[in-house]
Amino acid sequence: MMHVDWKHVAVTLAILPFAVVFAAWIGFFNVGASSGHWKITDWFLHFAMQSAIRTYALAVDVPRELPHHAVQTAAGHFARGCAICHGAPGEPRSPAVLRMLPQPPDLAERVSGWSDAELFRIVKHGVRFTGMPAWPSQKRDDEVWAMVAFLRRLPALGPEAYRDLAYGPAGSLVDRPATFQQALAECTRCHGVDGRGRSTATPVIAGQRESYLLQSFAAYAEDRRPGGVMGVVAKAIDRRHWRDLAAHFASLPASRGRAGAATALLEPGKKLATEGDASRRIPACLVCHASRDRNPAFPSLAGQPAPYIEQQLRLFRDGQRGDSGYGHVMREVARPLSDNDIAALATYFATAESRPAHPMASARD
Ligand code: HEC
Ligand code: HEC
Ligand code: HEC
């Protein structure tokens, strides 16, 4: 039988950390990326990554259905925040990126290997030691799920369909928009030229009050309103254009309300919006959201897409919405709302006609 000399083992174990530090100190470990990892290091790192993601994904709450209505927004974010490393349909990865270690993979080839929960975990938290960044806001799981929905669509997405989703009328992406026209083109990628939004996850900003738009934009840029998508956009736009952008969209014709929602939710939504429910301490929404002569920081809700309104109300209720200065009142308002109330209110406001901003505006409409 082999004789184990425990004294030697103990001494070796005690010395080992010092030996490793010494090796690091004399520069033994090659941190250069040019020669790649040893095969065993590469295998071990990916083994550790896959195991960790599999384990942590067990704790992820997967929604019943992915938010496919928000895929356009996610594609728009992908163009600014992901394509630079991973490439996109019709846009191969740059030679500089291919020298990274590890290489950011072409995601179209990879996504099928991960479950929805695993993709969520990777996109929300990033991957340490690889360069794969975390989602810019840790409070917006809804945005991360929208990205998962987009990634699921990626393998079948041709270059043209991708360009349309990600760039819309702008046709391309300007990395650092400098002129007002470039800044405006950036907005149209998701909000459209008419400011009504290219998907129901994007709010109508046409005809919204200028001061609300300006304050909201600033709130995203300064992280007072959590949002990975708008946060990245707002930080890329020079401050001197903010007011002009807000004025531009405020001057466009307001939304006219969306037709076709004669559902059973319409009446209860209208009742709650106009009268509130005193027994549950819910105030009438229209006290603040109807009269346009009130505080200009109160946004108009008429004609906003129902999924957008629902999402914002859920964020207020969870204390995750952030605001542009007056949002604390909305957190109180949203706390007692049930999921049913939220769906009813969203249905009502989505179909409501927007009132003109002031008497002059009706002539312009
Ligand atoms: C700075 C470069 C960089 C950016 C930006 C980036 N990634 Fe990554 N990503 C990586 C690297 C590197 C890996 C790890 C590759 C590996 O070791 O397998 C990775 C891995 C991934 C994976 C796992 C794929 C796999 O099988 O390894 C997904 C999914 C992913 N990224 C999605 C995204 C999304 C979505 C975005 C934008 C929100 C994004 N990435 C932004 C560099 C980047
Ligand atoms: C990649 C898509 C995308 C781009 C590009 C984009 N937006 Fe947005 N915008 C959104 C989404 C999605 C929301 C809703 C965000 C949320 O849920 O917090 C939003 C919200 C906003 C809001 C808040 C509106 C409200 O009712 O609270 C303002 C203001 C805004 N965007 C202005 C702009 C301006 C100005 C630009 C151009 C500089 C721009 N956006 C570019 C997708 C985009
Ligand atoms: C006391 C005034 C007040 C009342 C009452 C009120 N709100 Fe608000 N609401 C606000 C303010 C202020 C904001 C803007 C918060 C911010 O971003 O700064 C807002 C924002 C919102 C938004 C987000 C709009 C957007 O474009 O992102 C929604 C949705 C909303 N309210 C729905 C409701 C509903 C539904 C009710 C009734 C149940 C209601 N509000 C009652 C003041 C009020």
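The values are calculated or read from the model by the stated rules, or taken from the named source; none is laboratory data. Only a predicted model underlies this, so the values are computations on that prediction, with no experimental measurement involved. All Cβ positions, even for glycine, are placed from backbone atoms using ideal geometry, and neighbour counts span all protein chains on display.
For the reader, a short list of remarks on this structure follows.
- In the condition set (1) outside any helix (DSSP H, G or I); (2) touching a residue at least 12 places away in the same chain (Cβ under 8 Å); (3) on the phi < 0 side of the Ramachandran plot, Ala166 is compliant with all but (1).
- Of all the numbered requirements in (1) closer than 27 Å to Arg64 by Cα; (2) outside the structural domain of Arg239 (by TED's automatic domain parsing); (3) not hydroxyl-bearing (Ser, Thr, Tyr), Cys190 misses one, and that requirement is (2).
- Residue within the range 314-327 that is more than 24 Å from the chain's Cα centre (by Cα) and either among the acidic types (Asp, Glu) or within 7 Å of ligand 3 (Cβ to nearest atom) (or both) present: no
- Filter pass, Val111 being within 16 Å of ligand 2 (Cβ to nearest atom) and either assigned to a helix (DSSP H, G or I) or of a type in the set (Gly, Ala, Ser) (or both): no
- Residue within the range 184-194 that is touching a residue at least 24 places away in the same chain (Cβ under 8 Å) and in contact with a Ser or Thr (Cβ under 7 Å, 6 or more places away or on another chain) present: yes
- Matching residues, the range 41-81, being of a type in the set (Ser, Thr, Tyr) and either surrounded by fewer than 19 Cβ atoms within 10 Å (Cβ to Cβ) or not in a helix (DSSP H, G or I) (or both): Thr41, Ser51, Thr55, Tyr56
Residues checked against (1) more than 28 Å from Val71 (Cα to Cα); (2) β-branched (Val, Ile, Thr):
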position	(1), (2)
Lys270	yes, no
Glu275	yes, no
Ile282	yes, yes
Pro299	no, no
Ile309	no, yes
Gln312	no, no
Arg317	no, no
Asp323	no, no
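- The number of residues in the range 40-87 being under 12 Å from the mean Cα position of the chain (by Cα) and at positive phi comes to 0.
- One residue alone among Ile122, Ile84 is assigned to a helix (DSSP H, G or I) and within 20 Å of Ala161 (Cα to Cα), and that residue is Ile84.
- Only one of Ala10, Ala88, Ala52 that is more than 18 Å from Glu143 (Cβ to Cβ) and outside the structural domain of Glu160 (by TED's automatic domain parsing): Ala10
- Selection within the range 107-129 - free of Cβ contacts under 8 Å to residues at least 40 places away in the same chain and touching a Pro at 6+ places or on another chain (Cβ under 7 Å): Gly126
- Qualifying residues in the range 84-106 (those that are within 11 Å of ligand 1 (Cβ to nearest atom) and touching a residue at least 40 places away in the same chain (Cβ under 8 Å)) - the one farthest from Phe129 (Cα to Cα): Ala88
- Residue in the range 216-231 that is nearest to Ser137 (Cα to Cα), counting only those that are within 12 Å of ligand 3 (Cβ to nearest atom) and buried (at least 21 other Cβ atoms within 10 Å of the Cβ): Gly227
- Qualifying position, being modelled with pLDDT under 95, of a type in the set (Ser, Thr, Tyr) and not assigned by TED's automatic domain parsing to the domain that holds Ala83, among Ser199, Ser211, Ser216: Ser211
- Filtering the range 270-298 to residues that are small (Gly, Ala, Ser), more than 14 Å from Glu332 (Cα to Cα) and part of a loop (DSSP other than H, G, I, E, B) leaves Ala290, Ser291, Ala297.
- Matching residues, the range 299-336, being outside any helix (DSSP H, G or I), more than 11 Å from ligand 2 (Cβ to nearest atom) and either more than 20 Å from Arg196 (Cα to Cα) or not small (Gly, Ala, Ser) (or both): Asp318, Gly319, Gly325, Tyr326, Arg335, Pro336
- Qualifying residue in the range 255-267 (condition: small (Gly, Ala, Ser), part of a helix (DSSP H, G or I) and either touching a helix residue (DSSP H, G or I) at 6+ places or on another chain (Cβ under 9 Å) or within 26 Å of Ser338 (Cα to Cα) (or both)): no
- Options Ala149, Ala108, Ala88, Ala96: the member that is closer than 30 Å to Trp43 by Cβ, touching a Leu at 6+ places or on another chain (Cβ under 8 Å) and not hydroxyl-bearing (Ser, Thr, Tyr): Ala108
- Filter pass, Glu118 being within 16 Å of ligand 2 (Cβ to nearest atom), modelled with pLDDT of 95 or more and crowded, with 19+ Cβ neighbours inside 10 Å: no
- Qualifying residue in the range 336-348 (condition: touching a residue at least 24 places away in the same chain (Cβ under 8 Å), within 18 Å of the chain's Cα centre (by Cα) and more than 7 Å from ligand 3 (Cβ to nearest atom)): no
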